1. How many residues are in contact with a strand residue (DSSP E or B) (Cβ under 6 Å, 6 or more places away or on another chain) and farther than 16 Å from THR25 by Cα when one looks only at the range 43-66?
2. What's the total number of residues in the range 13-33 that are surrounded by 13 or more Cβ atoms within 10 Å (Cβ to Cβ), without any contact (Cβ under 8 Å) to a residue 24 or more places away in the chain and in contact with a Ser or Thr (Cβ under 8 Å, 6 or more places away or on another chain)?
3. Does the range 34-49 contain at least one residue that is in a helix (DSSP H, G or I), surrounded by 13 or more Cβ atoms within 10 Å (Cβ to Cβ) and out of contact with any Leu (no Cβ under 9 Å at 6 or more places or on another chain)?
4. For the range 43-61, name all the residues that are farther than 17 Å from ASP11 by Cβ and in contact (Cβ under 8 Å) with a residue 24 or more places away in the chain.
5. Check off (1) at positive phi; (2) touching a residue at least 60 places away in the same chain (Cβ under 8 Å) for VAL67 and give me the number that stays unchecked.
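Nothing in this text is a laboratory measurement; each read-out follows from the coordinates by a stated rule. Nothing here was measured: the structure is a model prediction, and the numbers come from that model. Backbone-built Cβ (ideal geometry, glycine too); neighbour counts: all protein chains shown.
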Amino acid sequence: MDKKIYVIGLDSDDIKAKAEEVVKTVEGINSVVANTDKAQILVSFDESISDIEPKINSAIESVGLTVLNK
């Protein structure tokens, strides 16, 4: 499943790299691409893993970003 996650605070290459790195550590992630221009993170993941979306949101928020579309 692919999901666009809109965030507040994705305003530098440094935070972009941190967000991509931390989301990749969540079990079931296939790919992740953060876009500073659009303030979004595109995540492809295995939706059969229980509670994966809250885990993705928590990972994003752990680097100081605010998830808008929970």
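1. 2
2. Within the range 13-33, residues that are surrounded by 13 or more Cβ atoms within 10 Å (Cβ to Cβ), without any contact (Cβ under 8 Å) to a residue 24 or more places away in the chain and in contact with a Ser or Thr (Cβ under 8 Å, 6 or more places away or on another chain) number 2.
3. no
4. The answer is VAL43, SER44, PHE45, ASP46, GLU47, ILE52, GLU53, LYS55, ILE56, ASN57, ALA59.
5. Condition (1) is where VAL67 drops out.
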